[in-house]
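Asker: Attaching a single structure in structure tokens format; questions to follow.
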Amino acid sequence: MEKNLKVEVVAVHGFPIQNLPLELLQLPVSLMTPAERLNLASTSNKMENALMKLRFPKVNLHSLHIHDGTNSGAKVADIIITSTNRADDSVLVVKCGTSSMYSERLVNVITFPKWIDARFSAIANARAMYKVIRHLIPSDGLSLGLGPMKKTDMKRILSAEEFDNWTSADVQGNHDMAAIGFIMNHAYKNRTLDCRANVQFSTDFSHEKAFRFKGVRYTHAPWVRLDHLITMRGVEYIDLGHTNLSALEVNIFIRLCIDSEKPACNCITIGLTGGAPDEKDVLKGFIYIPASVKVEKNMFFACSNSVGNPNIAIITLDDQTVSCHFNSNEKEILQPRITLNAMKQKAKVLKEMAALKLEDVEQRQRLEKQIEEIWDNCEKALAEEDKAHDALMKNP
């Protein structure tokens, strides 16, 4: 005889996650995706306040792209969040403006009414939104993508404390020079600035902090003068597109860098007008040797003719550019250094010989023998370096 089983359904209400102690809340929230974490924070003020007390690792990259939209009155203000984990290619776009530069069909584009209010400007909404993102999904820095906008908007963005952790600025479009000046006002050694070709500088542009960044690229640079370059200190890289600098001015700059205890920058690329740079003009006054043909025909190792100066520059001449590296890895320049030092010593001896009188035969013979010894020692040092290199390749 079958028994009738009575099944009683009991509704079980979940324990409110915001009531968890902070130490227990930390783990589940840390395992959430950025979108899940923001969605959770948006559920209530109580939850937001609880999450803001937690600490999370910096495993994300942040970008803020902001510019006037193509339609009248439209404003793009997208905060893009990606992961530092190469295996994670997910992209989260938080839309703060009236328009977005991303298609919802291609990436995850979301908005949060809790922090984004249609009554406020796109910049104000981006500030409110990023204040939350900066804490809940922390990053080592913020990349700014700054398109066409009013100079007053540029000032508001750069003055906002929410965005003061920016580490790079990518500027596009035609801007008022005052707006570009606002960016340069915030130059620091941990920040880079990239002004694209459509940022058209006036030829009389000047700013005392234009070269105070960690690195800069000015694609349109007819305003850059020699005195701008020689006053720089400690810049990692400089990329100048179209300039009005001459090959002789570049030569002066390279000479100053080689002769300085600390060069103005680690590396620089300068675009010149008037076709390919003349090798004789750029390398005038230097002791130099061409790099191996296996590398590039237009690459040279150059140094000053001062025996006590150890600095070496790697100079590359291209179609319309001159590139220089001043702080190279010593292993890369060890063999060129041996040859250049020998050439320096030879130049010094030849100078002594030029001062001799015709009757100073013995002295001349002594100096000629000294030159032979210089080259013998150079060849021995190069052979020893080759031997050491081969041994290292066999037993890395």
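Asker: Can you tell me which residues in the range 21-35 are part of a helix (DSSP H, G or I) and either at positive phi or of a type in the set (Ser, Thr, Tyr) (or both)?
Answerer: SER30
Asker: Need the failing condition index for ASP78 against (1) among the acidic types (Asp, Glu); (2) at pLDDT 95 or above; (3) in contact with a helix residue (DSSP H, G or I) (Cβ under 6 Å, 6 or more places away or on another chain), just the number.
Answerer: (3)
Asker: Quick test of your reading of the structure: MET343 fulfils all but one of (1) in a strand (DSSP E or B); (2) out of contact with any Pro (no Cβ under 7 Å at 6 or more places or on another chain). Name the failing condition by number.
Answerer: Only one criterion in (1) in a strand (DSSP E or B); (2) out of contact with any Pro (no Cβ under 7 Å at 6 or more places or on another chain) is unmet by MET343, namely (1).
Asker: Could I ask something else about it? Identify, please: which residue in the range 166-199 is among the acidic types (Asp, Glu) and out of contact with any Phe, Trp or Tyr (no Cβ under 9 Å at 6 or more places or on another chain) and is, among those, nearest to VAL76 (Cα to Cα)?
Answerer: Here the answer is ASP170.
Asker: Which of the numbered conditions does HIS220 fail, given that it passes all the others? Conditions: (1) farther than 20 Å from ILE314 by Cβ; (2) out of contact with any Phe, Trp or Tyr (no Cβ under 7 Å at 6 or more places or on another chain); (3) not basic (Lys, Arg).
Answerer: (2)
Asker: A further question follows. Restricting to the range 36-88, and then to whatever is assigned to a helix (DSSP H, G or I) and either of a type in the set (Phe, Trp, Tyr) or closer than 13 Å to PRO138 by Cα (or both), can you tell me which residue is farthest from the chain's Cα centre (by Cα)?
Answerer: LEU51
Asker: Does ALA169 fit the bill of being of a type outside the set (Val, Ile, Thr), touching an Asp or Glu at 6+ places or on another chain (Cβ under 8 Å) and either loosely packed, with under 14 Cβ neighbours inside 10 Å or closer than 28 Å to ALA122 by Cβ (or both)?
Answerer: On the way: of a type outside the set (Val, Ile, Thr): yes; touching an Asp or Glu at 6+ places or on another chain (Cβ under 8 Å): yes; either loosely packed, with under 14 Cβ neighbours inside 10 Å or closer than 28 Å to ALA122 by Cβ (or both): yes.
Answer is yes for this residue.
Asker: Still on this structure, I have one more. Determine if the range 4-25 includes at least one residue that is within 31 Å of the chain's Cα centre (by Cα) and at pLDDT below 90.
Answerer: Checking the range 4-25: not a single residue is within 31 Å of the chain's Cα centre (by Cα) and at pLDDT below 90.
Asker: Now for a different question. Could you tell me which numbered condition LYS214 fails, if it satisfies all but one of (1) over 22 Å from ASN266 (Cα atoms); (2) out of contact with any Pro (no Cβ under 8 Å at 6 or more places or on another chain); (3) surrounded by 14 or more Cβ atoms within 10 Å (Cβ to Cβ)?
Answerer: So LYS214 meets the others, but not (1).
Asker: May I ask you to verify whether ILE268 is farther than 11 Å from LEU317 by Cα, of a type outside the set (S, T, N, Q), in contact with a helix residue (DSSP H, G or I) (Cβ under 6 Å, 6 or more places away or on another chain) and at pLDDT 90 or above?
Answerer: On the way: farther than 11 Å from LEU317 by Cα: yes; of a type outside the set (S, T, N, Q): yes; in contact with a helix residue (DSSP H, G or I) (Cβ under 6 Å, 6 or more places away or on another chain): no; at pLDDT 90 or above: yes.
No.
Asker: Scan the range 112-120 and tell me whether some residue there is among the charged types (D, E, K, R), outside any loop (DSSP other than H, G, I, E, B), over 18 Å from HIS186 (Cβ atoms) and touching a residue at least 12 places away in the same chain (Cβ under 8 Å).
Answerer: no
Asker: Sort out which residues of the range 253-271 are part of a helix (DSSP H, G or I) and closer than 22 Å to PHE205 by Cα, and write them in order of number.
Answerer: Once the filter is applied, which keeps residues that are part of a helix (DSSP H, G or I) and closer than 22 Å to PHE205 by Cα, the range 253-271 yields only PHE253.
Asker: So MET47 ticks every box in (1) of a type outside the set (Asp, Glu); (2) surrounded by 15 or more Cβ atoms within 10 Å (Cβ to Cβ); (3) in contact (Cβ under 8 Å) with a residue 12 or more places away in the chain; (4) within 23 Å of PHE163 (Cβ to Cβ) but one. Which box is left unticked?
Answerer: The failed condition is (4).
Asker: So which of LEU146, LEU92 ends up being closer than 26 Å to ALA197 by Cβ and touching a strand residue (DSSP E or B) at 6+ places or on another chain (Cβ under 8 Å)?
Answerer: LEU146
Asker: Go through (1) hydrophobic (A, V, I, L, M, F, W, C); (2) touching a Lys or Arg at 6+ places or on another chain (Cβ under 7 Å); (3) under 30 Å from LYS348 (Cβ atoms) for ALA187 and report which single condition fails.
Answerer: Here ALA187 meets the rest and fails (3).
The values are calculated or read from the model by the stated rules, or taken from the named source; none is laboratory data. This is a predicted model, so every value here is computed, not measured. So basically every Cβ, Gly included, is an ideal-geometry build from the backbone, and we count neighbours across all protein chains shown.
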